[in-house]
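The values are calculated or read from the model by the stated rules, or taken from the named source; none is laboratory data. What you are looking at is a predicted structure, and each value in this text was computed from that prediction instead of being measured. Cβ sites come from the backbone with ideal geometry, for glycine too, and all protein chains shown count toward neighbours.
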Amino acid sequence: MDGTLIIFWAFAGLAVVSALSCITRRSPVASALWLVVTLFSLAALFVLLDAQFIAVLQVLVYAGAIMVLFLFVIMLLNLGRPGPTDLKGPMGLTVGVLLAGGLLVQLLGLRRAVPPPGLALAPGVIARAAAEQGMVPAVARPLFGTYLVPFEITSILLLAAIVGAVVLAKRKL
Amino acid sequence: MTLFLISSVAKILVVFTVIMVGVALLTLAERRICAWMQDRLGPNRVGPQGLLQPAADGLKNFLKEETLPARADKVLFMLAPAISFVPALLTFAVIPFAAPLPTPWGDVDMVVANLPVGFLYILAFGSLGVYGIVLAGWSSNNKYSLLGGLRATAQMISYEIALGMSTVAVLLLGGNVTLTDVIAKQSESLFTWNVFPLSLAFFIFIVAAFAETNRLPFDLPEAEGELIAGYHTEYSAMKFSMFYIAEYSNIVTASALMTTLFFGGWDIPFTTWDNAPPWTPLKTVLTLGAFTLKTSFFLFLFIWVRWTLPRFRYDQLMALGWKVMLPLALGYVTIIATAIWLLHDQLGWTYDTRFALALFGLNLLLAVPLFFVLDRGHLIAGSVAEEGGRA
């Protein structure tokens, strides 16, 4: 078997196992830490796809900043100890099973999906772009050129989230 | 391929060993320098000039009893020291420490992994160091430990932003994120070292680096006056020692980073002989010496500051981080980006000594009002004025 393939299956397996652990652990801290492992495995998969920049951002933003904030909040509210189950009664269980079944059907449907031709790149295109203009400009140029308007609109979304957080935290301004 | 594998394994072994020995010597250096600053002798009994003191400490730590608090989270309690120690070492992997070494099979880069995203890798792994401290604080099941862990999280997240922002300026000037390119850009003359065109970025970086490594004046996570020993209160023996090793590894990495980003990396000042091929073993050794000297200076600086400055109060730390460092870094990036755009795109200057000196002049102009404002606000001078104002 190809070396890359072995690495892929190792990290793909780790991602699935840690994601399952993340949603099955009772202790919020354990869940958060398993999520960190998942994010790391995803970063490794990005590296295998020649997308080192995305991989590093994955670690920097999600594992390094957002998950640390998660842990901070868990500890600040002292939720660290295992709590009771979130599934409330037979009704909750039924809804949960139905939702999970729906997701599973969607995943099975995805197996047959083919990416649209516009998204498929010839092999070596990314490596060549990275060699020509470096890793970051390959992402930055489309982001701040072609897709500038969607990018700026995203910042409005974030601003709305910040305003919402401030309003929730401070009833009286 | 074979050359790559063999040279990589050799480099990993050598770099790991050198950092570990360096960390051991650094613990001794800290105690000796502290003693010297306080007009004492310090540990000088074990071996010549106390050189074997780290070995004696290590032996003691191995032989001491390992304790485990009754209601601690066992797995995380064991894991936390390792988690705090690994990112510090991983970060060093992308730092180039000498000119390439020629071998009969081709040139070998003197960096463990020359990543195309080198610089962002450092930020990414630097941000992971906090996990060890937070988990240690939480898993100990001790309120002082927990408080230390909480402080560590808040502090490191706050200063990480300033740290990242200050390095954006370096990227703007360097034009690339690979560290070998950042060094190559700086090696033209003494004034193209980034500390001259980007002096204020260096100022922000060094303050943030002290906060990120939890060193005085920002060692709030372990503030022994209030929190016993903060996050490592419940640790003993080798696990406690691991936190120390992690702290010093972090200092070594931070010093190496300052050298690389702002002081030309392995570049030897006043000559351009060392920057270009053909590479020779002599160049490798001399540039390695230059890198070691510069890094040692910053290591000394870390110790020097620790035994000079008192600790910040927690609200002062947060105020400095969010109200001073972050706006300062943001504003500075804007100004520097405009200046580079003016010089490079409008006037058509290429990056050389003239360019660097022009930016250095701009930095001096900015520094005067900045330090005036910093002092007048008494954010750094202490709490006396603030308390007077409140009363």
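Restricting attention to segment A:69-78 and to residues that are aliphatic (A, V, I, L, M) and within 15 Å of residue A:34 (Cβ to Cβ), the residue that is nearest to the other protein chains (Cβ to nearest Cβ) turns out to be A:71. Scanning segment A:121-173 for residues that are part of a helix (DSSP H, G or I) and of a type outside the set (A, V, I, L, M, F, W, C) turns up A:128, A:132, A:133, A:137, A:141, A:142, A:150, A:152, A:154, A:155, A:164. Where helices (runs of 4 or more DSSP H) sit wholly within segment B:298-391, those with at least 3 residues that are modelled with pLDDT under 85 occupy B:314-319, B:353-376, B:384-390. Screening the candidates B:130, B:134 for the property of being touching a helix residue (DSSP H, G or I) at 6+ places or on another chain (Cβ under 7 Å), facing chain A (nearest Cβ under 7 Å), buried (at least 24 other Cβ atoms within 10 Å of the Cβ) and without any contact (Cβ under 8 Å) to a residue 60 or more places away in the chain yields one hit, B:130. Listed by first and then second residue, the pairs with beta-carbon distance under 6 Å, at least 6 apart or on different chains, first residue in segment A:44-65 and touching a residue at least 40 places away in the same chain (Cβ under 8 Å), second in a loop (DSSP other than H, G, I, E, B), are A:52/B:116; A:52/B:117; A:53/B:117. Scanning segment B:143-159 for residues that are at the interface with another protein chain (Cβ under 7 Å from one of its Cβ atoms) and within 17 Å of the chain's Cα centre (by Cα) turns up just one, B:157.
If you filter segment A:42-57 down to residues that are among the small types (Gly, Ala, Ser) and surrounded by fewer than 21 Cβ atoms within 10 Å (Cβ to Cβ), you find that the one that is nearest to the other protein chains (Cβ to nearest Cβ) is A:51.
Going by the structure shown, is residue B:300 under 30 Å from residue B:216 (Cα atoms) and aromatic (Phe, Trp, Tyr)?
The answer is yes for residue B:300.
For residue B:249, which of the numbered conditions (1) modelled with pLDDT of 80 or more; (2) not in a helix (DSSP H, G or I) fails to hold? Condition (2) is where residue B:249 drops out. Among the numbered conditions (1) at pLDDT 80 or above; (2) over 17 Å from residue B:243 (Cα atoms); (3) away from every other protein chain (no Cβ under 12 Å), the only one that residue B:172 does not meet is (3). Of the residues contained in segment A:144-151, one or more are found to be at pLDDT 80 or above, within 14 Å of chain B (Cβ to nearest Cβ) and over 21 Å from the mean Cα position of the chain (by Cα).
Please state which one of B:178, B:167 is within 14 Å of another protein chain (Cβ to nearest Cβ), among the hydroxyl-bearing types (Ser, Thr, Tyr) and in contact with a Gly (Cβ under 7 Å, 6 or more places away or on another chain). Don't jump to the end; show me each part of the working.
Working: B:167 fails: in contact with a Gly (Cβ under 7 Å, 6 or more places away or on another chain).
Matching residue, one of B:178, B:167: B:178.
Here are some residues: B:123, B:198, B:173. Which one is without any contact (Cβ under 8 Å) to a residue 60 or more places away in the chain and in contact with a Leu (Cβ under 7 Å, 6 or more places away or on another chain)? Sole residue among the options that is without any contact (Cβ under 8 Å) to a residue 60 or more places away in the chain and in contact with a Leu (Cβ under 7 Å, 6 or more places away or on another chain): B:123.
In segment B:223-240 there is no residue that is under 14 Å from residue B:26 (Cα atoms), in a helix (DSSP H, G or I) and under 21 Å from the mean Cα position of the chain (by Cα). Tallying residues that are facing chain A (nearest Cβ under 7 Å) and within 20 Å of the chain's Cα centre (by Cα) within segment B:116-127 yields 6.
For every residue, the table says whether it meets (1) closer than 24 Å to residue B:372 by Cβ; (2) surrounded by fewer than 19 Cβ atoms within 10 Å (Cβ to Cβ).
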| site | (1), (2) |
| --- | --- |
| B:313 | yes, yes |
| B:317 | yes, no |
| B:328 | yes, no |
| B:340 | no, no |
| B:353 | no, yes |
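Only one entry of B:146, B:172, B:179 meets the criterion of being crowded, with 21+ Cβ neighbours inside 10 Å, within 27 Å of residue B:201 (Cβ to Cβ) and among the hydrophobic types (A, V, I, L, M, F, W, C), and that entry is B:179.
Results for (1) at pLDDT 85 or above; (2) crowded, with 18+ Cβ neighbours inside 10 Å; (3) not in a helix (DSSP H, G or I), shown as yes or no for each residue.
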{"site": "B:67", "(1), (2), (3)": "no, no, yes"}
{"site": "B:72", "(1), (2), (3)": "no, yes, yes"}
{"site": "B:80", "(1), (2), (3)": "yes, yes, no"}
{"site": "B:86", "(1), (2), (3)": "yes, no, no"}
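Going through (1) touching a Lys or Arg at 6+ places or on another chain (Cβ under 9 Å); (2) assigned to a loop (DSSP other than H, G, I, E, B); (3) within 14 Å of another protein chain (Cβ to nearest Cβ) one by one, residue B:218 falls short only on (3). Anything in segment A:95-120 that is hydrophobic (A, V, I, L, M, F, W, C) and not in a loop (DSSP other than H, G, I, E, B)? List them, or say none. Within segment A:95-120, A:95, A:97, A:98, A:99, A:100, A:103, A:104, A:105, A:107, A:108, A:110 meet the criteria.
Residues in segment B:232-258 that are farther than 26 Å from residue B:298 by Cα and in contact with a Pro (Cβ under 6 Å, 6 or more places away or on another chain): B:234, B:239.
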